[in-house]
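Trainee: Shown below is the structure under consideration.
Just so it is clear, none of the values below were taken in a lab; they were calculated from the coordinates. Fair warning: this is a prediction, and the values are worked out from it, not measured in the lab. Because the Cβ atoms are built from the backbone with ideal geometry, glycine has one as well, and the counts that use them run over all protein chains shown.
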There are 2 protein chains.
Amino acid sequence: MNEIERLITLLARLPGLGPRSARRAALQLIKRRESLLEPLAKALDDAARTIRTCAVCGNVDTTDPCHICAAETRDAALVCVVEDVADLWALERTGAFRGRYHVLGGTLSAIDGVGPDDLRIPGLVERASAEAVKEVILATNLTVEGQTTAHYITEKLAPTGVTVTRLAHGVPVGGELDYLDDGTLTAALRARRTAEG
Amino acid sequence: MNEIERLITLLARLPGLGPRSARRAALQLIKRRESLLEPLAKALDDAARTIRTCAVCGNVDTTDPCHICAAETRDAALVCVVEDVADLWALERTGAFRGRYHVLGGTLSAIDGVGPDDLRIPGLVERASAEAVKEVILATNLTVEGQTTAHYITEKLAPTGVTVTRLAHGVPVGGELDYLDDGTLTAALRARRTAEG
């Protein structure tokens, strides 16, 4: 395999790129050597050298603890539990959360043989037992695995005495009822609130 | 901008990756440091070091002249003209062409200010004037720009005396008439052939 083929093969392993788009990406890289190929090679090198996993929360960052765990301004009483770093990034983009995170690194799965010790659940229980933490918000996905994991964590956290909450379920902002699945509509109905004047 | 953000920004500039898929790709790279991130960084470095443009035909390869121009087994009498290296790769994948190529590097475009000297057209006329070349196959795209470019090249090649041909237009293999545009159907009708027993 020559250098071009090897590059295409590796690019095709990125999520979102198939064999065809990997070829297009490789050509683009070759054409824009100075403005794209060389900077990307350097960015990957830098990433490999500097990026680490936060020992506290499982976030990826260039520092350990990560900038969120290290920030004095973030509320240490609030810990939001997510499956993956991508979920943490999504919540951070909203700017609506000023607490800290705990990245599980997946969900419990009997089929894939993922048990509690394969995720960061023991670490979460330990953190929740610390005096500073008052509330744990479970923000796992609304999938069977995500909900099973949330349920398991709720039970594990019961002895610590922290408040355990869940993200609200309901109609997405901008969502049209006609296009929503029955489960979401049912959840939205059950969790209905008094209309505010 | 830290190392993660820089990586995402660069990945988002690859064709086929938007901001969202660039974030997913970056996370995948960070998670698979040894099996994906480091090999890709090396592949990009190798590519930047070894890949060059063939001075004869404009193909990209690790050698100059490229392996197609250098191959004694390829028919030097046949030169297939394509807009881009991606088109060359597409034709090579068919395994149906045993001649050589000429990569224009784009199409003539008054709007974008692309003239004959910005493409590899002078080099093509020079090649076509060489005794070995008997036929030039124009495989530019069936777009206005591609056809304008093909027309221009046909005129430029007339004095050289080489045979100039075009790829056949018609119904794609597996294509359903009902879904084809009128232009393709018209071309297929006009270029109809006697059915073979």
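Trainee: Lys and Arg at +1, Asp and Glu at -1: add these up for the other residues within a Cβ distance under 13 Å of A:His151 and post the number.
Mentor: Taking every Cβ under 13 Å from that of A:His151, the sum is 0.
Trainee: What longest region of chain A stays clear of GluC sites (Glu not before Pro) that DSSP places outside H, G, I, E and B and that have at most 12 other Cβ atoms within 10 Å?
Mentor: So the longest stretch without any such site is A:1-71.
Trainee: For B:Glu131 and B:Glu38, calculate 0.36 nm times their separation in residues minus their Cα-Cα distance, and state this gained length in nm to one decimal.
Mentor: Extending this stretch completely gives an extra 28.6 nm.
Trainee: I want to check the label-to-label distance for B:Ala70 and A:Ala90. Put each point 7 Å from Cα in the C-beta direction and report it in nm to one decimal.
Mentor: Placing both labels 7 Å beyond Cα along the Cβ direction yields 4.9 nm.
Trainee: Averaging sequence separations of C-alpha pairs under 8 Å and six or more residues apart, then dividing by the length of chain A, give the relative contact order as a whole percent.
Mentor: 13
Trainee: Okay, moving on. Considering amide H positions built from the backbone, and no H for Pro or chain starts, which residues 5 or more places from B:Thr165, or on another chain, come under 5 Å of its amide H?
Mentor: B:Val136, B:Ile137, B:Leu138
Trainee: Could I ask something else about it? Å³ per residue of the Cα convex hull, for region A:3-50?
Mentor: Residue-normalised Cα hull volume stands at 78 Å³.
Trainee: Please list, in chain and number order, the residues 5+ apart from B:His102 or on another chain whose amide H is under 5 Å from its amide H, with Hs placed from the backbone.
Mentor: Amide H neighbours of B:His102: B:Cys80, B:Val81, B:Val82.
Trainee: Then there's this: Measuring nothing but label to label, 7 Å from Cα along Cα→Cβ, what are B:Asp112's distances to the other copies in nm, shortest first?
Mentor: 4.2
Trainee: Please give, to one decimal in nm, the separation of the simple spin-label points placed at B:Asp178 and A:Thr63, each 7 Å out from Cα toward the Cβ.
Mentor: 6.3
Trainee: On C-alpha positions alone, give me the angle between the axis of helix A:19-31 and the longest principal axis of chain A, in degrees, nearest 10.
Mentor: Helix A:19-31 and the main axis of chain A meet at about 60 degrees.
Trainee: Assuming R0 = 45 Å, can you tell me the calculated FRET efficiency for the pair B:His151 and A:Ala110, based on Cβ-Cβ distance, to the nearest 0.05?
Mentor: It comes to 0.10.
Trainee: Non-local amide H neighbours of A:Val114 (under 5 Å, H modeled in plane, Pro and chain starts lacking H): which ones?
Mentor: Correct list: A:Ser109.
Trainee: While we're here: When the Debye formula is applied to the Cα atoms of region A:68-146, each taken as the same point scatterer, what base-10 log of I(q)/I(0) results at q = 0.16, 0.19, 0.21 Å⁻¹?
Mentor: For region A:68-146, the Cα-only Debye profile gives -0.60, -0.83, -0.98.
Trainee: Related question: Taking the Cβ of B:Val164 as the centre, find all other residues whose Cβ is under 15 Å away and add up their charges (Lys, Arg: +1; Asp, Glu: -1).
Mentor: +2
Trainee: Assigning unit charges at the beta carbon (Lys, Arg +1; Asp, Glu -1) and nothing else, what dipole magnitude in debye, to the nearest 20, does region B:60-194 show about its Cα centre?
Mentor: Using only the charged Cβ atoms, the result is roughly 600 debye.
Trainee: Suppose every Lys and Arg Cβ carries +1 and every Asp and Glu Cβ carries -1, with no other charges. What dipole size does the protein assembly as shown come out with about its Cα centre, to the nearest 20 debye?
Mentor: The dipole of the protein assembly as shown has a size of about 200 debye.
Trainee: Let me ask you something else. Tally Lys and Arg at +1 and Asp and Glu at -1 over the other residues with C-beta under 10 Å from the C-beta of B:Asn2: what net charge comes out?
Mentor: -3
Trainee: To continue, here is another question. Using the Karplus curve 6.51 cos²θ - 1.76 cosθ + 1.60 with θ = phi - 60°, what ³J(HN,Hα) values do you get for each residue of region A:172-187, in whole Hz, with x for Gly and Pro?
Mentor: Listing the rounded values in order: x, 4, x, x, 9, 3, 4, 9, 7, 6, 4, x, 5, 4, 4, 4 Hz.
Trainee: Other chains' Cβ within 10 Å of B:44-57 residues: what's the mean?
Mentor: Counting other chains' Cβ atoms within 10 Å and averaging over B:44-57 gives 5.
Trainee: Just the number, please: percent antiparallel of the DSSP beta bridges in region B:60-194, rounded to the nearest 5.
Mentor: Around 5 percent antiparallel, to the nearest 5.
Trainee: Which value in Å does the Kirkwood hydrodynamic radius of chain B take, with 1/r averaged over all unlike C-alpha pairs and then inverted?
Mentor: One over the average 1/r among Cα pairs gives 19.9 Å for chain B.
Trainee: In a Gaussian network model over chain A where Cα atoms closer than 10 Å are linked, find which of A:Leu142, A:Leu157, A:Leu177 has the largest mean-square fluctuation.
Mentor: A:Leu177
Trainee: Rounded to the nearest 500, what is the protein assembly as shown's calculated 222 nm mean residue ellipticity when only DSSP H runs of at least 4 contribute -39500 (n - 2.57) each, over all residues?
Mentor: -12000 deg cm²/dmol
Trainee: Loop only by DSSP, 12 or fewer other Cβ within 10 Å of the Cβ. Give me the trypsin sites (Lys or Arg not before Pro) in region A:76-115 that pass, ordered by residue number.
Mentor: Loop-located and lightly packed - A:Arg98.
Trainee: Here's a follow-up. Provide the FRET efficiency to the nearest 0.05 for the A:Asp118-B:Val144 pair, computing r from the beta carbons and using R0 = 51 Å.
Mentor: 0.35
Trainee: A further question on this structure: Specify the residue with the greatest mean-square fluctuation among B:Asp87, B:Asp46, B:Asp182, computed from a Gaussian network of chain B linking alpha-carbon atoms under 10 Å apart.
Mentor: B:Asp182
Trainee: Please determine, in degrees from 0 to 90 and to the nearest 10, the orientation of helix B:144-157 with respect to the longest principal axis defined by the Cα atoms of chain B, where the helix direction is its Cα long axis.
Mentor: 50
Trainee: Of the beta bridges DSSP finds with both residues in the protein assembly as shown, what % are antiparallel, to the nearest 5?
Mentor: Among the beta bridges of the protein assembly as shown, antiparallel pairing accounts for roughly 20 percent.
Trainee: Further question: Just want the answer: with Cβ charges of +1 for Lys and Arg and -1 for Asp and Glu, which residue in B:Gly115, B:Ala25, B:Ala76 is farthest toward the dipole's positive end in chain B?
Mentor: My answer, from the dipole projection, is B:Ala25.
Trainee: Another one. Using θ = phi - 60° and the Karplus curve 6.51 cos²θ - 1.76 cosθ + 1.60, what whole-Hz ³J(HN,Hα) does each residue of region A:99-116 get, with Gly and Pro shown as x?
Mentor: x, 10, 10, 9, 8, 5, x, x, 10, 4, 7, 5, 5, 8, x, 9, x, x
Trainee: Rule-of-thumb check for the protein assembly as shown: C-alpha Rg over 2.2 N^0.38 Å?
Mentor: 1.36
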